[in-house]
1. Find the residue count for region 43-68, including only residues that are without any contact (Cβ under 8 Å) to a residue 40 or more places away in the chain and either of a type in the set (A, V, I, L, M, F, W, C) or closer than 22 Å to Leu93 by Cβ (or both).
2. So which of Asn8, Asn80 is polar (S, T, N, Q) and touching a residue at least 60 places away in the same chain (Cβ under 8 Å)?
3. Within region 91-99, identify whether any single residue is surrounded by 15 or more Cβ atoms within 10 Å (Cβ to Cβ), more than 18 Å from Val4 (Cα to Cα) and at pLDDT below 95, and answer yes or no.
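The values are calculated or read from the model by the stated rules, or taken from the named source; none is laboratory data. Treat the numbers as computed from the prediction; the structure is a model and nothing was measured. Glycine also receives a Cβ, built like all others from the backbone with ideal geometry; neighbour counts cover every protein chain displayed.
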Amino acid sequence: MEKVVNNNVDIVTPIVDYINKLGDFAKIGIAWFWDEIEEYLTDVPKVYETIVTNRPDLKEIFDTPQGRMWLNSTIKRLYNELWKINKEGLCLLGKYTSSLTK
């Protein structure tokens, strides 16, 4: 993880690519749980606490200025990308639910 942070490695693109490969139901899942996702990703200290609680060995990395900067920018970018997927999911959810009511 230290190399990821120090080299400013992009982990958002592979996450988004994976979600897109999973297809429509993954997008609908993002839309379905968007409120919880949004609540979590808009609270970077909560994300930080989750990380260091589950992986105390990473605390030293994320307690550096570089670590904080990487975490903040990554979470912001992840939020923005998931927001786009959420919008796609809402459209898909509307299509699926409207087809069920016909």
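1. Adding up the residues that qualify gives 4.
2. Matching residue, one of Asn8, Asn80: Asn8.
3. Kept after step one, since they are surrounded by 15 or more Cβ atoms within 10 Å (Cβ to Cβ), are these residues of region 91-99: 92-93.
With more than 18 Å from Val4 (Cα to Cα) added as a condition, the list becomes 92-93.
When the remaining residues are screened for being at pLDDT below 95, the result is 92-93.
Looking through region 91-99, at least one residue is surrounded by 15 or more Cβ atoms within 10 Å (Cβ to Cβ), more than 18 Å from Val4 (Cα to Cα) and at pLDDT below 95.
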